[in-house]
Amino acid sequence: MMLDETHDPALESWVELAQAPDCEFPIQNLPLGIFKRRGHKEPARGGVAIGDQILDLVALDIRTGPTLNGLAAMGRSAARKMRRELSRALSVKSKQKKRLQKHLVPMKQGELFLPVAIGDYSDFFTGIHHATNMGRLFRPDNPLLPNYKWVPIGYHGRGSSIVVSGTAVRRPKGQLKAPDAAAPSFAASRRLDYEVELGFIAGAGNRLGQPIALRDALDHVFGVVLLNDWSARDIQAWEYQPLGPFLGKSFATTISPWVVTMDALEPYRCPAFARSSEDPQPLPYLLDEADQRDGGLAIEMEMHLRTPKMKTPQRLSRGNFRDSYWTVAQMVAHQTSNGCNLQPGDLLGSGTISGPAPDSFGSMMELTLAGKNPLQLASGETRSFLEDGDEVIQRGRCAREGYATIGFGEASGRIMPAASK
Ligand code: CA
């Protein structure tokens, strides 16, 4: 772990609400995003979340422009230096309070945008409980395919339809075919689902043809966002063989606006997933002692549902990224192992993270056994899959004894009816 004075749990900010008990953005967090003041004609620019406020990075003479790609490209040591600078400026000990106060925008008045321009997006499948649950629906005796414990499986997703939290999601239409139907029809998806994931944003990239070694991989990650990989299970079921997910996924992917940097996450690193003694050792390019020791990340991930009839959302699940079979570094090393280049702002999705217990399952497909066992909601309603007007709200949190508790904000989206034409 690379801990420094910015992780000190005793550190306090002159932004008073940063010390509030449930505050997601204490001074130990300092996540970065792109914002503007709602209703003002002004350019979107970089800010840091602190308490209930956004500090405009211009206050520290950091001019990002409308995306954080430039900051991401500067790499990990520059990010670490900037974090120290922000921490000092926002600390109660800072002498800059008077000057910086003018650059605060209350979060309630801020409009948040996608934090980076995403050139490429790939989505992995690292949640072994999810992979097992999904596999069991099709192959009860042999749920995991033989490559799962050798290869961090992934596919190339669609970058253009990634949206920021709060963006409404239109129910997709597509080819649907029930197993007993003779032919498919073209209609609105009836099995619309979410997937609880994390998104890793690439920092300084690599040149085409030059893989990133496992031990250097975390230097190429800028930070982490929440990611909901909306999935139309009926479109997916008909189209996915033999080339994998396509239109059942590419209609929308939601991410949270605040990028929690890799440095903010240092205190919450944990051992990599404990493989069973029968599991194969990863091949050498995926195996590193330090990565096995503390390459995991203990990040709690929750999903909440609010139907139009509910006043307050109901939690559907709480999982933890500890249950990822592969580490972030292994994903980065594998993605680039063939020489493929990552560029600043590229997004790597973790894949759905589920834990072993049903209350940790990260998709409705798992929670309802593919719709066979509908959820009984506190409102008296039932759900097999999402209905129009339903809103899902993903949240994330890191808590560890002896350290501050930090949050990720939220990644939410409400389902709109399918287009009429
Ligand atoms: Ca996924």
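The values are calculated or read from the model by the stated rules, or taken from the named source; none is laboratory data. Remember, it's a predicted structure, so these values are computed and weren't measured experimentally. Here the Cβ positions follow ideal geometry from the backbone for every residue, glycine too, while neighbour counts run over all protein chains shown. The area values use the complete protein model at the heavy-atom level, side chains included, leaving out ligands, DNA and RNA. Shrake-Rupley method; radii C 1.70, N 1.55, O 1.52, S 1.80 Å.
Looking at segment 298-312, which of its residues are open to solvent by 10 Å² or more (accessible area, probe 1.4 Å) and either not in a loop (DSSP other than H, G, I, E, B) or not aliphatic (A, V, I, L, M) (or both)?
Going residue by residue through segment 298-312, those that are open to solvent by 10 Å² or more (accessible area, probe 1.4 Å) are 298, 300, 302, 304, 306, 308-312.
Hits for segment 298-312 are 300, 302, 304, 306, 308, 309, 311, 312.
Counting just the residues of segment 169-188 that are part of a loop (DSSP other than H, G, I, E, B) and touching a helix residue (DSSP H, G or I) at 6+ places or on another chain (Cβ under 7 Å), which one comes out nearest to residue 249 (Cα to Cα)?
Taking segment 169-188 first, the residues part of a loop (DSSP other than H, G, I, E, B) are 171-172, 177-184.
Okay, now just the ones that are also touching a helix residue (DSSP H, G or I) at 6+ places or on another chain (Cβ under 7 Å), so 172, 177, 184.
Working: 172: 9, 177: 17, 184: 18 Å.
That would be 172.
Testing residue 225 on (1) within 16 Å of the ligand (Cβ to nearest atom); (2) aliphatic (A, V, I, L, M); (3) open to solvent by 40 Å² or more (accessible area, probe 1.4 Å), one condition comes back false. Which one is that?
It fails just one condition, (3).
Checking the conditions here, which among 355, 371, 339, 345 is surrounded by fewer than 24 Cβ atoms within 10 Å (Cβ to Cβ), more than 14 Å from the ligand (Cβ to nearest atom) and under 18 Å from the mean Cα position of the chain (by Cα)? It would help to see each step written out before you state the result.
Working: 371 fails: under 18 Å from the mean Cα position of the chain (by Cα); 339 fails: under 18 Å from the mean Cα position of the chain (by Cα); 345 fails: surrounded by fewer than 24 Cβ atoms within 10 Å (Cβ to Cβ).
Result of the check over 355, 371, 339, 345: 355.
Can you spot a residue in segment 75-98 that is more than 16 Å from the ligand (Cβ to nearest atom) and on the phi > 0 side of the Ramachandran plot? Please lay out each step first, then the result.
Residues of segment 75-98 more than 16 Å from the ligand (Cβ to nearest atom): 75-98.
Adding the requirement that they be on the phi > 0 side of the Ramachandran plot leaves 75.
Yes, there is a match, as at least one residue in segment 75-98 is more than 16 Å from the ligand (Cβ to nearest atom) and on the phi > 0 side of the Ramachandran plot.
Could you say whether any residue in segment 58-66 is at pLDDT 95 or above, under 23 Å from residue 221 (Cβ atoms) and of a type in the set (Gly, Ala, Ser)?
yes
Residue by residue through segment 77-102, note down the ones that are closer than 15 Å to residue 32 by Cα and in contact with a strand residue (DSSP E or B) (Cβ under 7 Å, 6 or more places away or on another chain).
79, 83, 86, 90
Just need a number here: residues in segment 22-46 that are within 10 Å of residue 110 (Cα to Cα), open to solvent by 40 Å² or more (accessible area, probe 1.4 Å) and not in a loop (DSSP other than H, G, I, E, B).
1
Please state which one of 325, 268, 285 is among the aromatic types (Phe, Trp, Tyr), under 30 Å from residue 85 (Cβ atoms) and at pLDDT 95 or above.
Values: 325 fails: under 30 Å from residue 85 (Cβ atoms); 285 fails: under 30 Å from residue 85 (Cβ atoms).
Within the list 325, 268, 285, the selection yields 268.
Under 8 Å by Cβ, and 6 or more places apart or on different chains, what pairs join a residue from segment 376-396 that is on the phi > 0 side of the Ramachandran plot and open to solvent by less than 30 Å² (accessible area, probe 1.4 Å) with one that is in a strand (DSSP E or B) and not hydrophobic (A, V, I, L, M, F, W, C)?
389/414
I need the full set of residues from segment 361-393 which are of a type in the set (A, V, I, L, M) and either in a helix (DSSP H, G or I) or not assigned by TED's automatic domain parsing to the domain that holds residue 319 (or both), in order please.
Of the residues in segment 361-393, the ones of a type in the set (A, V, I, L, M) are 364-365, 367, 369-370, 375, 377-378, 386, 392-393.
Selection gives 364, 365, 367.
For every residue, the table says whether it meets (1) more than 15 Å from the ligand (Cβ to nearest atom); (2) of a type outside the set (Val, Ile, Thr); (3) open to solvent by 50 Å² or more (accessible area, probe 1.4 Å).
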residue: 157; (1), (2), (3): no, yes, no
residue: 203; (1), (2), (3): yes, yes, no
residue: 207; (1), (2), (3): yes, yes, yes
residue: 242; (1), (2), (3): yes, yes, yes
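Test residue 261 against the stated conditions and say whether it is within 22 Å of the chain's Cα centre (by Cα), within 14 Å of the ligand (Cβ to nearest atom), assigned by TED's automatic domain parsing to the domain that holds residue 358 and among the polar types (S, T, N, Q).
Working: within 22 Å of the chain's Cα centre (by Cα): yes; within 14 Å of the ligand (Cβ to nearest atom): no; assigned by TED's automatic domain parsing to the domain that holds residue 358: yes; among the polar types (S, T, N, Q): yes.
It is false that residue 261 is within 22 Å of the chain's Cα centre (by Cα), within 14 Å of the ligand (Cβ to nearest atom), assigned by TED's automatic domain parsing to the domain that holds residue 358 and among the polar types (S, T, N, Q).
Contact list please: Cβ distance under 8 Å, first residue in segment 27-48 and in contact (Cβ under 8 Å) with a residue 12 or more places away in the chain, second residue among the hydroxyl-bearing types (Ser, Thr, Tyr) and open to solvent by 20 Å² or more (accessible area, probe 1.4 Å), pairs at least six apart or on different chains.
Qualifying pairs under 8 Å: 28/403; 34/64; 34/67; 45/64; 46/64.
Hey, residue 81 hits all of (1) without any contact (Cβ under 8 Å) to a residue 12 or more places away in the chain; (2) of a type in the set (Lys, Arg); (3) part of a loop (DSSP other than H, G, I, E, B) but one; which does it fall short on?
Among (1) without any contact (Cβ under 8 Å) to a residue 12 or more places away in the chain; (2) of a type in the set (Lys, Arg); (3) part of a loop (DSSP other than H, G, I, E, B), the lone unmet condition for residue 81 is (3).
Which of the residues belonging to segment 253-282 are of a type in the set (A, V, I, L, M) and in contact with a Leu (Cβ under 8 Å, 6 or more places away or on another chain)?
255, 259, 262, 264, 265
Does any residue in segment 303-322 that is touching a residue at least 24 places away in the same chain (Cβ under 8 Å) come within less than 7 Å, Cβ to Cβ, of a residue that is surrounded by fewer than 18 Cβ atoms within 10 Å (Cβ to Cβ) and of a type in the set (Lys, Arg) six or more places away or on a different chain, and which pairs are these?
304/315
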